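The structure under discussion appears below in the form of C-alpha cells.
The values are calculated or read from the model by the stated rules, or taken from the named source; none is laboratory data. Predicted model, so just to flag it, every value in this text is computed and none were measured. Because the Cβ atoms are built from the backbone with ideal geometry, glycine has one as well, and the counts that use them run over all protein chains shown.
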Amino acid sequence: MSGATTAPTRTIDGVEVPPAGTYGIDAPHTLAGFFVKHLMISRVRGSFSDVSGSITIAEDPTQSTVEVEIGIQSIHTRDENRDAHLRSGDFFEAEAYPKMTFKSTSVSHVDGDEWAVVGDLTIKGVTKPVTLKTTFEGAETAPEAMGGSTSIGFSASAKLNREDWGLTYNAALESGGIVIGKDVTLEIETEAFVG
C-alpha cells in the first residue's frame, strides 16, 4: 500500500524490541499507580501525576537502563483527606522526602514480550530492590503534525510490602484484621519518546 510504514522495532533472537536510544518519559501518557487492600475487603487505588525520567535502550537490550522520579505531593486517591494523610509523617513524609525514585540495576528477558527489570526503589530514604514484571507494548512513530518522534510503550507491575520502606501506619479491626493491607501492588503504564 502506498504510504505505508513499518513500526520502528527490531528483532533480536526472535524477540521484538525497541530501537536503541534514550527516551524521555512522557508524563501525560504515563500512569504510575498502585492499589492496596482497605478493611481487608476492598481495594483502594491511587496514582502519582508527577512522573519524570528516562529509558535508555541499549543495542543489547539486557544492557538497557531505567531511571524514574516521582513527586510524592502529586499523590491522588480521589479523597483529599486521605491524600493529605498519605503525604504526612504517618506515611510518605512528603515534606522531608519529596521524591520517590527507581533506578534499574539489571534487565533480563523472561519470555515473549515479557522482561524483568530489577532496580533500587527509594522511598523515605530507604532503598530496597524491586523486580518489575515488564511488558514491551510496542513502538510507533508519531505523525509529522505531532512532531514525528518515535515513542515506545511499556507496562509493568510489582508487589511489595510497604513496611519494608517504613510505611508502617495501621489500625486494628475488631475482627483481628487491619485497616490497611501491607502488600501494595504497583501498576505502571508508560510511554516514552525520543526528543
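Structure summary
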quantity	calculated
Meets criteria (farther than 17 Å from LEU132 by Cα, part of a strand (DSSP E or B), out of contact with any His (no Cβ under 6 Å at 6 or more places or on another chain) and without any contact (Cβ under 8 Å) to a residue 60 or more places away in the chain) for THR101	no
Subset of the stretch 84-121 (residues that are farther than 17 Å from THR62 by Cα and crowded, with 17+ Cβ neighbours inside 10 Å)	LEU86, ARG87, PHE91, PHE92, GLU93, ALA94, MET100, PHE102, LEU121
Selection status of ALA32, over 30 Å from THR141 (Cα atoms), surrounded by 14 or more Cβ atoms within 10 Å (Cβ to Cβ), at pLDDT 95 or above and among the hydrophobic types (A, V, I, L, M, F, W, C)	no
Residues of the stretch 36-59 classified as under 22 Å from THR131 (Cβ atoms) and more than 13 Å from the chain's Cα centre (by Cα), total	7
Some residue of the stretch 60-72 being modelled with pLDDT under 95, assigned to a loop (DSSP other than H, G, I, E, B) and of a type outside the set (Val, Ile, Thr)	no
Output for the stretch 111-126, where each listed residue is modelled with pLDDT of 95 or more and either part of a loop (DSSP other than H, G, I, E, B) or in contact with a strand residue (DSSP E or B) (Cβ under 8 Å, 6 or more places away or on another chain) (or both)	TRP115, ALA116, VAL117, VAL118, GLY119, ASP120, LEU121, THR122, ILE123, LYS124, GLY125
Single residue of the stretch 60-92 satisfying the filter (acidic (Asp, Glu) and within 17 Å of the chain's Cα centre (by Cα)) that is nearest to PHE35 (Cα to Cα)	GLU69
In the stretch 74-98, the residues that are in a helix (DSSP H, G or I) and in contact with a helix residue (DSSP H, G or I) (Cβ under 7 Å, 6 or more places away or on another chain)	ARG87
Failed item in (1) surrounded by 13 or more Cβ atoms within 10 Å (Cβ to Cβ); (2) assigned to a strand (DSSP E or B); (3) touching a residue at least 24 places away in the same chain (Cβ under 8 Å), with PRO129 passing the rest	(1)
Extreme residue, modelled with the lowest pLDDT, among residues of the stretch 151-179 that are more than 30 Å from PRO61 (Cβ to Cβ) and not in a loop (DSSP other than H, G, I, E, B)	ILE178
Criterion (within 23 Å of ASP26 (Cβ to Cβ), part of a strand (DSSP E or B) and modelled with pLDDT under 95) met by exactly one of GLY148, GLY138	GLY138
